[in-house]
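Every number in this text was worked out from the coordinates using simple rules, so none of it is lab data. Everything numeric here is computed off the predicted structure, so don't read it as measured data. Cβ sites come from the backbone with ideal geometry, for glycine too, and all protein chains shown count toward neighbours.
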Ligand SMILES: Nc1ncnc2c1ncn2[C@@H]1O[C@H](COP(=O)(O)OP(=O)(O)OP(=O)(O)O)[C@@H](O)[C@H]1O
Ligand SMILES: [Mg+2]
């Protein structure tokens, strides 16, 4: 073997310097390209803040919308509507999602579990507009008219995969000794689950629910032909109802500057709510140290 | 001033290592002579892995990892060299065999060249592969399946492949971190034989938990405790008449 | 005691029942869509997919413009998003595990992921579309503004967080000792990424691209607001168009005739089948990858 030659190429100072240069250069380029993702974020948030703040005032959050041409007015109906629709969606979907998650963590290898996991993944990837059609067929058609309830059904279906997955992941990480300890004291199975396992994983489950809530509170597509929207104050879930994303869509695509202003305000409000709940979830997770993550 | 020819190959001066603010190694001093096998022993968590990762400057890559003091190779401060050169001169073999899963056996041996973009003529690369695999006592077993993936081999063979991979870079020092802890007894004894043979070509620092193994293969032993180097010297001497009480307790199985 | 045994049995039954219900949802969804699509399928058969005309007045429904719109916007968005997603994944997984740059990029990506689709659309409509219009004027082409291009750009921004998260997950599944081995042989960061991390995660990265594609195909609101909503087949990306999702969003509440409604629902059915398939394959590849990565 030509060891002299080998030594020369292995110790070639120039080649090594080039490699180091290439490494540093690639680092700079990659850092540069990836930091460009900050640009759209800053632009979007800046537009929201600048245009949104000027339209948010007391009237904005307490008044109903005014007809075209009249200045002022607010979106109190959409704020209330969003709260109602999202809350109802949570009520409808959290129990089955959490129970489904418990089922998966309790019977991880059963045939049904495999099927549920499969379904859940399909559901998670289903476009929201398709879920809107589903809720329309399921609720709007039999009822004969649009309703907040049908919107909640659509959002609830979207929420299930998120909460179910969070529940399963959380419960899976709870050490088996815990439930064995409880079971060894003669505590019946369902109590072990409900009184020991679920409370231990509560943090992760609630976190999943909050994150799911942020996802659905910004959803528009599935509400277009379910909750539909309404210019009036309506608190009745059986009737059409407005929501923040719906008014943003309707006002944003209108030709009137007045309405664009309302849409900016509504957008700022929506994003504050979404980021706010997100923050809440984080604080909640970090507050209760230990346990599962 | 000592005489030039007796200059040690590797010399650690007041080496300290940290993870964030936690001091893991405390002013470790020792030197290693050419063509020796040195085993590093000590209870779990005492800093053995950290020590050898300082020697090829891998420690500074870990999150929060920093080091103070100096390490000299052939009298040259490693901190003055770039890490590429340091790691070329000081090879490493890990606790669990880790051949590259996307590469064939052949490619695994010359992985250092492929990775570093060093172009070598086909004839030379064939020579390197045969030479390194022979030194690692693996050539006869794999010479007909050089184009199979490295992960097809058994655990012991994989570990020898990893040794060949390190040897292919022509290192002056080879660091082994518990190289047999993931292997069965038969594979272990093959690696031990190999280590003894290899010292003709390369100086070896080997972390081990196995006292008998240290006694079988190493010329010198370093005993560490809680980040300090407690005792360092000829293996035979240390194992028969340990100077420090902690060494004695460890060797008699009082802790660890 | 008897009561306890009873409640235990009931509890297990409830768990299992919930599992069955959840399993049934997508099946029911599929059946519903199929049943509702029957009139359109009867009327047009496979011609539905290839026909270029979508004319509710004359009751002629062909999905080609929307299929083309969906595919072109999605692929263009993928291509636009790829370098960014890839760089973000590299930054977060290896290059700058710590440090301010990584922290900023990480929060930026998380925040982008949290912005609702309708806000992307609104911003696109009032900021991006006028910008494109100006460029089109300067270039001397019809200044629509709202266009396939606008939709693709907005889509690209929207899928960057998703794609980079998957790519990062995939890269972090690679056993760290393989990377360590590469570094111990003297590889630089770049060389270890190029020659070990990326080749080892090829299949995972491919799966990530698939999943991001699934996302892009079904994205509705932002696209609807900036794409221009014409049912004519576009001839270049500066022209307006429509996607399957956007035409459903736009026309569903106006669809008066049964055939019209059924045709829209058939679009939904196609969308569901395609996204479900893509998601299924993507997840399967990642699962295989996970097993391989963790194995040995
Ligand atoms: N990445 C790290 N971050 C923080 N502390 C670490 C890290 N790795 C190791 N340590 C700590 O450094 C100390 C020394 O660890 P090291 O791995 O060097 O021990 P070791 O002697 O090799 O142990 P073992 O025999 O178990 O392999 C330990 O107390 C360990 O907890
Ligand atoms: Mg160790």
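Please pull out the direction-averaged projected area of region C:1-51, using the convex hull of its alpha-carbon atoms, in nm² to one decimal place.
Values: hull surface 17.9 nm².
With every direction weighted equally, the projected area is 4.5 nm².
Write down, largest first, the equivalent ellipsoid semi-axes of region A:79-118 in whole Å, where each equals the square root of 5 times an eigenvalue of the alpha-carbon gyration tensor. Working shown, then result.
Working: eigenvalues 184, 15, 5 Å².
Sorted largest first and rounded, they come to 30, 9, 5 Å.
If you look at just the Cα atoms of region B:179-219, how large are its Rg and its Dmax in Å?
When restricted to Cα atoms, region B:179-219 yields Rg and Dmax of 9.8, 26 Å.
For chain B, give the share of DSSP beta bridges that are antiparallel, in percent and rounded to the nearest 5; count only bridges with both residues there.
Percent antiparallel among DSSP bridges in chain B is about 60.
Top mean-square fluctuation among B:60, B:231, B:127, Gaussian network model of chain B, C-alpha springs under 10 Å?
It is B:127.
Which whole-number percent gives the relative contact order of chain C, counting Cα pairs below 8 Å spaced six or more residues apart?
Normalised by residue count, the contact order of chain C is 27 percent.
Debye calculation, C-alpha points only, no solvent: report log10 I(q)/I(0) for region C:195-258 at q = 0.11, 0.12, 0.28, 0.29 Å⁻¹, in the same order as the q values.
Debye intensities relative to I(0), on a log10 scale: -0.42, -0.48, -1.14, -1.17.
Over region B:1-135, what lengths in whole Å, largest first, do the semi-axes of the equivalent ellipsoid take, defined as the square roots of 5 times the eigenvalues of the alpha-carbon gyration tensor?
On the way: eigenvalues 175, 80, 43 Å².
After diagonalising the Cα gyration tensor, the semi-axes are 30, 20, 15 Å.
What share of Cα pairs, in percent, lie more than 17 angstrom apart in region A:129-177?
48
Would you kindly calculate the translational diffusion coefficient of region C:144-219, applying Stokes-Einstein with the Kirkwood radius from alpha carbon pairs, for 20 °C and a viscosity of 1.002 mPa s, and quote it in µm² s⁻¹ without decimals? Please report the intermediate quantities before stating the final value.
Details: Rh = 14.2 Å.
The Stokes-Einstein estimate is 151 µm²/s.
On a 0 to 90° scale, report how tilted helix B:185-198 is relative to the longest principal axis of chain B, with both axes built from alpha carbons and the result rounded to the nearest 10.
So the inclination is approximately 90 degrees.
Find the percent of Cα-Cα distances in region C:92-226 that exceed 18 Å, and round it to a whole number.
Working: 5838 of 9045 pairs.
Tail fraction, whole percent: 65.
Provide the convex hull volume over Cα atoms per residue for chain B, in Å³.
So the per-residue hull volume is 137 Å³.
Share of antiparallel DSSP beta bridges in the protein assembly as shown, in percent to the nearest 5?
Here the share of antiparallel DSSP bridges comes out near 60 percent.
Kindly give Rg over Rh for region C:21-169, based on alpha-carbon atoms, with the Kirkwood expression for the hydrodynamic radius.
On the way: Rg = 20.5 Å, Rh = 18.8 Å.
My calculation of the ratio gives 1.09.
Run through every distinct alpha carbon pair of region A:230-293 and return the Kirkwood hydrodynamic radius in angstroms, one decimal place.
14.2
Mean 1/r over all different Cα pairs, inverted: what Kirkwood radius does the protein assembly as shown give, in Å?
Result for the protein assembly as shown stands at 30.9 Å.
Given the C-alpha atoms of region B:144-256, compute the convex hull and give its volume per residue in Å³. Intermediate results must be reported in sequence, preceding the final value.
Numbers: hull volume 14.5 nm³, N = 113.
That works out to 128 Å³ per residue.
Considering Cα pairs under 8 angstrom that are at least six residues apart, work out the relative contact order of region A:158-231 and quote it in whole percent.
It rounds to 45 percent for region A:158-231.
Pairs of Cα atoms under 8 Å, at least six residues apart: use those to get the relative contact order of chain A, whole percent.
25
What's the average, rounded to a whole number, of partner chain beta-carbon atoms within 10 Å of each residue's beta-carbon in A:212-224? Please report the intermediate quantities before stating the final value.
Details: counts 0, 0, 3, 3, 1, 1, 8, 5, 11, 13, 2, 0, 8.
Across the residues of A:212-224, the mean count of other-chain Cβ atoms within 10 Å is 4.
In whole angstrom, and with the biggest value first, how far do the Cα coordinates of region A:48-161 range along each principal axis?
For region A:48-161, the Cα extents along the three principal axes come out at 61, 36, 22 Å.
So for region B:31-108, what are the equivalent ellipsoid semi-axes in whole Å, largest first, each being the square root of 5 times an eigenvalue of the Cα gyration tensor?
The answer is 23, 17, 15 Å, longest axis first.
Kirkwood Rh over Cα pairs of chain C into Stokes-Einstein at 10 °C, 1.306 mPa s: D in µm²/s?
73
Taking chain A as the region of interest, what is the percent of Cα-Cα pairs per 10 angstrom bin, listed from the shortest bin to the one with the maximum distance?
6, 20, 24, 20, 13, 9, 5, 2, 1, 0
How large, in Å, is region A:49-89 by the Kirkwood hydrodynamic radius built from its alpha-carbon pairs?
11.2
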